[in-house]
Amino acid sequence: MAFRVEIPDTPSLSDYASVAHLVAPVRALQEEAAAVVPKLEGRTIWMVNSTAQGGGVAEMLPTMVSLLRDLGIPTEWAVIESDKAEFFALTKQIHNLIHGEGTPELGPEQRELFDHVNAENASFLRSQLKPGDILIVHDPQPMPLASVLKDELDLRTIWRCHIGLDQASPAGNAAWKFLMPYAAAYECAIFSAPEYIPGMLSDRAHVIFPGINPITEKNRELGLHKTVGVLANSGLAVAPGPLVTPPYAQRAQRLGGDGAFHPANVNGDFGLFTRPIVTQVSRWDRLKGFEPLLRAFAAFKTRILDGGGSSDPLHGARQQLVRMVLAGPDPSSIQDDPEGQDVLTELKNVYCALEPSIQECIAFVALPMESAQENALMVNALQRASTIVVQNSLREGFGLTVTEAMWKRIPILTNDQACGPRHQVRDTIDGRLVHDPTDTESLAATLDAMLADADERNRWGRNAQRHVHERFLIFSQLREWMRIFAQMF
Ligand code: UDP
């Protein structure tokens, strides 16, 4: 049975507006909302998804719900539930199919299950929603709800789809065919990139790019002491002096040449405070492109250590000193993800086959996940300690790691094959886009060229932050929602 989720305490609009550079985006949002809110008088927005915890949607909804409330729009969040494991297996299958993977076998049995679970959940919503309310359904799991409830309760209906693939595939086509009967009950559908709009909804589609919250632990400004403290407390660096705060209970680990993870600074400090640092933080997923990035950096470093460096003394020093951090979740936190384990094993094998002098230049880091807050601070501090952030994904829905680093004024190296990153990063404006993330030569050459030009890197970092400020913060997202409401009401 579906249930209503209490919204935890989250910052209010005035908390955001107390940050000097957020005054303007908050005001722009309030102005946009002022024209729309009166039109929504008497209606409540109901956000419905399939999980209260875990995953990007559940993470984003509390902030969104509380900001909508702050803007004067009554908003609630409900989650559908089922004790039928087959239902979640089916929705996972649909999810994978939309991403082009899995067997495209969806028949009447699956439809009956999908309809049945949603019909059961509809009864709770029937008791909560009132005529005229706005039902916003997130992702495919609760998609049938609109056809069950719309006419009966005279609801206004929106489907928000957070997933997608920028290439048509037989798998994707099968999923969209399965979902097609439920689309008719939605007045509009919102996708995270234009490429993700399926033909069946193109007449009602809008695009809202994801956005980041600039004051969370992941993205908030960190002062010098705090950055040093986080990196030292988490074991990613050796503290240059005494610290007020004690080490974290769970600390980062670094892969050793023996193929095992050890405390990250067991062999001394890696150099995050002083060396040029190139970083990628991602899940251990083959599509994140860790392996070609690792190979590219190893080849680059081999050339430099063999005497093939620049004759320019400054750039030559950068080439000598630069090191790479490849970070992702601690393997113990992904025990239920056999694919992640396989990818990590493949990466370990590549790393262990490198010369020790090259291994020394590459920190393969496992970040503990027990504390979401400490993990977020580690990612934040690592991104801030970076000269360049790479997101070498072969495919990427959006790539929040790109947005997060851009927000921190770090120039990005990514590619134009990955849909999300190419929407965020403008080549030679916010960083560089290579064409092929598996082309290790071009990756190494681009990295080297980026390292060579500090002025460009500074300019790209500034542009990147500004671009996120204008387009990829939660405020821009909410303004888009206001525009959609303005068209609907
Ligand atoms: N992330 C994290 N710790 C890790 C690895 C990743 O907090 O060890 C975060 C990262 O900062 C980002 C999110 O996980 O906020 C990944 O989102 P993205 O859109 O980049 O990729 P996804 O994992 O959704 O494919």
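A short reminder: the numbers here are calculations on the coordinates, not readings from a lab. Model, not experiment: these values are computed from the prediction. Cβ placement follows ideal geometry from the backbone for every residue including glycine, while neighbour counts extend to all protein chains displayed.
Summary value for region 106-243: 17 percent relative contact order, contacts being C-alpha pairs under 8 angstrom separated by 6+ residues.
Separation of region 417-489 from region 66-96 is 29 Å, based on Cα centroids. Computed from point charges on the beta carbon alone (+1 for Lys and Arg, -1 for Asp and Glu), the dipole magnitude for region 79-203 about its Cα centre is near 180 Debye.
Whole number please: convex hull volume per residue of the Cα set in the chain, in Å³? Let's see the in-between values first.
On the way: hull volume 72.2 nm³, N = 489.
About 148 Å³ per residue, rounded to a whole number.
Against the chain, whose longest principal axis is taken from its Cα atoms, helix 56-70 shows a tilt of about 60°. The charge dipole of the chain, taken about its Cα centre with unit charges on the Cβ of Lys, Arg, Asp and Glu (plus for the first two, minus for the last two), comes to roughly 1260 debye. From the alpha carbon centroid of region 159-206 to that of region 303-324 is 48 Å.
Provide 310, 393, 82 in ascending order of the number of other Cβ atoms located within 10 Å of each residue's Cβ, fewest first. Present the calculation step by step, with values, prior to reporting the outcome.
On the way: 310 16, 393 26, 82 19.
With the fewest neighbours first, 310, 393, 82 line up as 310, 82, 393.
In region 195-347, the DSSP beta bridges split such that about 40 percent are antiparallel, to the nearest 5.
Only DSSP H runs of four or more residues enter the estimate; each adds -39500 (n - 2.57), and after division by the residues of the chain the mean residue ellipticity at 222 nm equals -14000 deg cm²/dmol. Against the chain, whose longest principal axis comes from its Cα atoms, helix 474-488 is set at around 30 degrees. Once both axes come from the Cα atoms, what is the angle between helix 338-352 and the longest principal axis of the chain, in degrees from 0 to 90, rounded to 10? Approximately 10 degrees, to the nearest ten. Residues 345, 387, ranked from the fewest to the most other C-beta atoms within 10 Å, line up as 345, 387. Between residue 21 and residue 187, the C-beta separation translates, for a Förster distance of 51 Å, into a calculated FRET efficiency of about 0.90.
Would you mind checking the pairs 92/218; 150/288; 177/218; 348/408 and listing those with alpha carbons more than 32 angstrom apart?
On the way: 92/218 28 Å; 150/288 40 Å; 177/218 38 Å; 348/408 30 Å.
Violating the 32 Å Cα-Cα cut-off are 150/288; 177/218.
The ranking of 227, 10, 279 from fewest to most other beta carbons within 10 Å of each one's beta carbon is 10, 227, 279.
Give me the percent of Cα-Cα pairs in region 51-205 that sit more than 22 Å apart, rounded to a whole number. Each step should come with its number before you reach the end.
Numbers: 4969 of 11935 pairs.
Above the 22 Å cut-off, region 51-205 has 42 percent of its Cα pairs.
Past the 26 angstrom mark, what percentage of all C-alpha to C-alpha distances in region 157-276 do you count?
Details: 3747 of 7140 pairs.
Here the long-distance tail beyond 26 Å is 52 percent of all Cα pairs in region 157-276.
For residue 39 and residue 274 in the same chain, what is the full-extension length gain: residue separation times 0.36 nm, less their Cα-Cα distance, in nm? If you can, show how the numbers build up before the last one.
Working: separation 235, 0.36 × 235 = 84.60 nm, distance 5.52 nm.
Result: 79.1 nm gained on full extension.
Think of the chain as a dipole: +1 on every Lys or Arg Cβ, -1 on every Asp or Glu Cβ, centred on the Cα centre; then among 383, 98, 8, 383 lies furthest on the positive end. A full extension of the chain between residue 220 and residue 85 corresponds to an added length of 44.8 nm, given 0.36 nm per residue minus the alpha carbon distance. Note that region 319-336 has calculated 3J(HN,Hα) couplings of 4, 5, 8, 4, 9, 10, 10, 10, 10, x, x, 3, x, 5, 8, 10, 4, 8 Hz, one per residue in order, obtained from phi through the Karplus relation 6.51 cos²θ - 1.76 cosθ + 1.60 (θ = phi - 60°); glycine and proline are x.
Pop the C-beta distance of residue 332 and residue 488 into the FRET formula with R0 = 60 Å and round what comes out to the nearest 0.05. Kindly include the intermediate steps, with their values, before the conclusion.
Details: r = 46 Å, r/R0 = 0.77.
Computed FRET efficiency for residue 332 and residue 488: 0.80.
Projected label points at residue 314 and residue 442, each 7 Å from Cα along the beta carbon direction, are separated by 2.9 nanometres. Counting DSSP beta bridges with both partners in the chain, what percentage is antiparallel, nearest 5? Counting DSSP beta bridges with both partners in the chain, the antiparallel share is about 15 percent.
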